[in-house]
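Worksheet: the structure to be examined is printed underneath.
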Amino acid sequence: MQKRMTIPLAVLAAFLLVAGCASGKAPAAVGTPGTEGAPAAVAPASTEPSKPAGEASKSVEKDAKAAPAPADAAGSVREDDVTSDTYAFMEPETGPGAATATDGARSAPVSGSTAGTARSPAASAAKTPPVASGLRAGFSDDNAQYNYFVHFLEEFAKVRHHDLPIGERITLVVRDANGKPVSGARVTVSLRGRTLDSGRSYSNGYYRIYPDAWGQDAKAAAFDVRVEAQAGKSAAVQASVASLIVQREGPRTVELKLDKPRSVAEPLPVDILFVMDTTGSMGEEIERLRSTIEIIYANIGTMKPKPAVRFGLVLYRDVEDEYVTKVVDFTSDLDAFQRILDGVDADGGGDTPEDLQSALDDAIHNVSWNGDGIKLAFVVTDADAQLDYAGKYNFTYGGGVRLAQPVTKSKPWKGREYTYADAARDAKAMAVKIYTIGTGGLPIEGEYLLRQLAQYTDARYIFLTYGEAGEAQGGREGSVSHHTGTNFTTDKLEAVVMRFVKEEMAFQSDTPLETGEDYFDAKKVEDENREKTLELLFTDALKNLVDYSTYRIGPDTPCAVLPVTTSDQTIATTAEYFGERVLLTASGAKLWKIVDRKNLQAIADEIELQLSGLFDESQAAKVGELLGAEILVVGNVYKRGGTYELFLKLVRVQTAEVLAVSRAKIDEKLGL
């Protein structure tokens, strides 16, 4: 995968990539309190298809080495300060099934039988070898870029949609006695004995709560949280339990640690449900799924722990078509599933919106999701959803088929409306992730609700790029609506799907996928002065701090920029210079309201803080409080060979938590 910069050649985005193979290293601080939105500055990308290796633009560099965070003590960026939400994973370049994700000329090897799946050599030989589609897709993580997503919802709020309040978010992270994420833990949030929210944790241990959705109860200053999970592999073992009081104005990420090791099912159940729009314009997408399902299966089958993979289908159209939905329950028989896919065709439609809400109703209620494994749904559509069928149609479901009947005087409305917002809430409670894929001419109305679904269920919004550059409004063939700024990555569509399945499985593995780091890389060029190069670099680094903040930030949020510090006095002058340039860039960025720091030295003297050396977040927060800031930008710089490494952190003053982290590598010629 590559990320490409859209700024001039002076600022180069180098995206560190690592193979998605098993290793003994745990993912870096999944859900570390206060750091979820802390990418090492996600490099802006264009929507143009990435060039093959060896053909990359001169303005783009790809480094295959993982650059470790500095090990300095006070004020340094620890591994904890960056979370896995924004890491890049690559499919294995070697090993079983690896080549098929990227090499369309090779057939996918079969990984063997899993959970009752029988694949005979004769059956495999009789099939046409599957090939990779080659179609590229972009994806964005609206939970990682939480602040950016909140502003997207506000900007396009006039689009017809159902409300899913997310303006205030607290992430609960459930870990076992060994610090590993716990999947399927029962989380209950209550106030004075009354349940406000409850559900199961996802495979990464996350369970997010949104107090804004609780009405009057949201005004409470604190909530009770209780977590319970099965410990060990025997039902006779007493459950592992943790409880605490979560402060409303406290950290945005809170860890709950259980007192026993987690239990991971063997083999690990993995349910993958495709929710497919099958109206007339979706023929190409249906054919693509047919041609790549074996590739997806073969790659997933190489993971540890051994998965018990099942596939299911919910096909949907609209009320006046042959059917509204057709449901194919989960099966572990890949051959049987492929035969079903062979019989799927694209037909019907007409008006643009389709009945996605009925499809989601079936996806939640009419398939047999596993009870203790990974549960993933992929919605694939080029249309927005019908949102006005309440009072107009009644629906009947039987034999796997849903049909619609218009409401008449003799057949009055039965009074049941199930919206996509209801589906999102139910999926979250069940620990089902709903990934959404926009294709064809998906309009902004479709993007809006697809991103709501994906964000609320901890998944991602995926959009086919069709080679277009910049953002797109959609609504026409070959243009999928996406308003993700530069915060997205592109890859082949089937590789994107495999990546997400593998990510989920890795959280339950003792040998999870390795992670790399993102950073910005600035090099000196002859036809651009130093100040301009640094301005471009720091503009993107600061914007990413705001986009990926776990705390809501707007133009009126008071922000103070503290001097850049260093523990190496030989580069103290450069540190001071970089600090001045960061402040100048931040002042003109219109991301926040910059707080005057003219009394900074007096404040530092008052709390006996040396601004010339390294200091930690709690010390910085004291300075911010005295300056009247709500958030701080703090930075420290190191010298490694011929390169400066600058780490910028966004810190919330009230809690001293790190909200986001950016990392930049700067040519020594750009220093002093």
Inset, instruction - Please go through the stretch 549-596 and pick out each residue that is among the hydroxyl-bearing types (Ser, Thr, Tyr), open to solvent by 30 Å² or more (accessible area, probe 1.4 Å) and under 23 Å from the mean Cα position of the chain (by Cα). - result: 551
Legend entry - Looking only at the stretch 156-195, and only at residues there that are part of a strand (DSSP E or B), open to solvent by 30 Å² or more (accessible area, probe 1.4 Å) and not β-branched (Val, Ile, Thr), the one that is farthest from residue 446 (Cα to Cα): 194
Inset, instruction - Would you mind stating whether residue 546 is buried (at least 17 other Cβ atoms within 10 Å of the Cβ), closer than 11 Å to residue 650 by Cβ and not acidic (Asp, Glu)? - result: yes
Inset, instruction - For the stretch 659-669, enumerate the residues that are assigned to a strand (DSSP E or B) and either open to solvent by 10 Å² or more (accessible area, probe 1.4 Å) or under 14 Å from residue 562 (Cα atoms) (or both). - result: 665, 667
Inset, instruction - Pick out the one residue from 115, 144, 137, 108 that is touching a strand residue (DSSP E or B) at 6+ places or on another chain (Cβ under 7 Å), modelled with pLDDT under 95 and surrounded by 22 or more Cβ atoms within 10 Å (Cβ to Cβ). - result: 137
Legend entry - Subset of the stretch 630-654 that is of a type in the set (D, E, K, R) and in a strand (DSSP E or B) - its residue that is nearest to residue 248 (Cα to Cα): 652
Inset, instruction - Say whether the condition of being more than 30 Å from residue 262 (Cβ to Cβ), β-branched (Val, Ile, Thr) and in contact with a Gly (Cβ under 6 Å, 6 or more places away or on another chain) is met by at least one residue in the stretch 319-327. - result: yes
Legend entry - Scan of the stretch 268-284 for residues that are touching a Gly at 6+ places or on another chain (Cβ under 8 Å) and closer than 19 Å to residue 329 by Cβ, ordered by number: 269, 270, 271, 272, 273, 274, 278
Inset, instruction - Can you give me the number of residues within the stretch 204-221 that are assigned to a strand (DSSP E or B) and exposed (fewer than 13 other Cβ atoms within 10 Å of the Cβ)? - result: 0
Inset, instruction - Output the number of residues of the stretch 253-285 satisfying the condition of being over 13 Å from residue 317 (Cβ atoms) and among the polar types (S, T, N, Q). - result: 2
Legend entry - Evaluation of residue 259 against (1) open to solvent by less than 50 Å² (accessible area, probe 1.4 Å); (2) closer than 26 Å to residue 373 by Cα (one fails), failing number: (1)
Inset, instruction - Please work out which residue is farthest from residue 177 (Cα to Cα), limiting yourself to the stretch 261-273 and to residues that are of a type outside the set (S, T, N, Q) and in a loop (DSSP other than H, G, I, E, B). - result: 267
Inset, instruction - Filter the stretch 262-290 for residues that are of a type outside the set (Asp, Glu) and surrounded by fewer than 17 Cβ atoms within 10 Å (Cβ to Cβ) and give the result. - result: 267, 280, 283, 290
Legend entry - Test result for residue 383, in contact (Cβ under 8 Å) with a residue 60 or more places away in the chain, in contact with a Ser or Thr (Cβ under 8 Å, 6 or more places away or on another chain), small (Gly, Ala, Ser) and within 20 Å of residue 280 (Cα to Cα): yes
Legend entry - the stretch 438-465 - residue that is in contact with an Asp or Glu (Cβ under 6 Å, 6 or more places away or on another chain) and polar (S, T, N, Q) and, of those, nearest to residue 169 (Cα to Cα): 455
Inset, instruction - With the condition kept exactly as written, say whether any residue in the stretch 245-260 is at negative phi, in a loop (DSSP other than H, G, I, E, B), out of contact with any Asp or Glu (no Cβ under 8 Å at 6 or more places or on another chain) and basic (Lys, Arg). - result: yes
Inset, instruction - Could you look through the stretch 362-418, keep only residues that are among the aromatic types (Phe, Trp, Tyr) and at pLDDT 90 or above, and pick out the one that is nearest to residue 202 (Cα to Cα)? - result: 369
Legend entry - Among (1) at pLDDT 85 or above; (2) not in a helix (DSSP H, G or I) - the single one residue 608 does not satisfy: (1)
Inset, instruction - Identify the single condition in (1) open to solvent by less than 50 Å² (accessible area, probe 1.4 Å); (2) within 26 Å of residue 553 (Cβ to Cβ); (3) not aromatic (Phe, Trp, Tyr) that residue 201 does not satisfy, given that it satisfies every other one. - result: (2)
Legend entry - Tabulated pairs, the stretch 564-589, first closer than 14 Å to residue 633 by Cα, second among the aromatic types (Phe, Trp, Tyr) and outside any helix (DSSP H, G or I), C-beta under 9 angstrom, 6+ apart or interchain: 565/615; 578/644; 586/592
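The values are calculated or read from the model by the stated rules, or taken from the named source; none is laboratory data. This is a predicted model, so every value here is computed, not measured. When we count neighbours, we look across all protein chains shown, and the Cβ atoms used for this are built from the backbone with ideal geometry, even at glycine. For accessibility, only protein heavy atoms count, side chains too; no ligands or nucleic acids. Shrake-Rupley method; radii C 1.70, N 1.55, O 1.52, S 1.80 Å.
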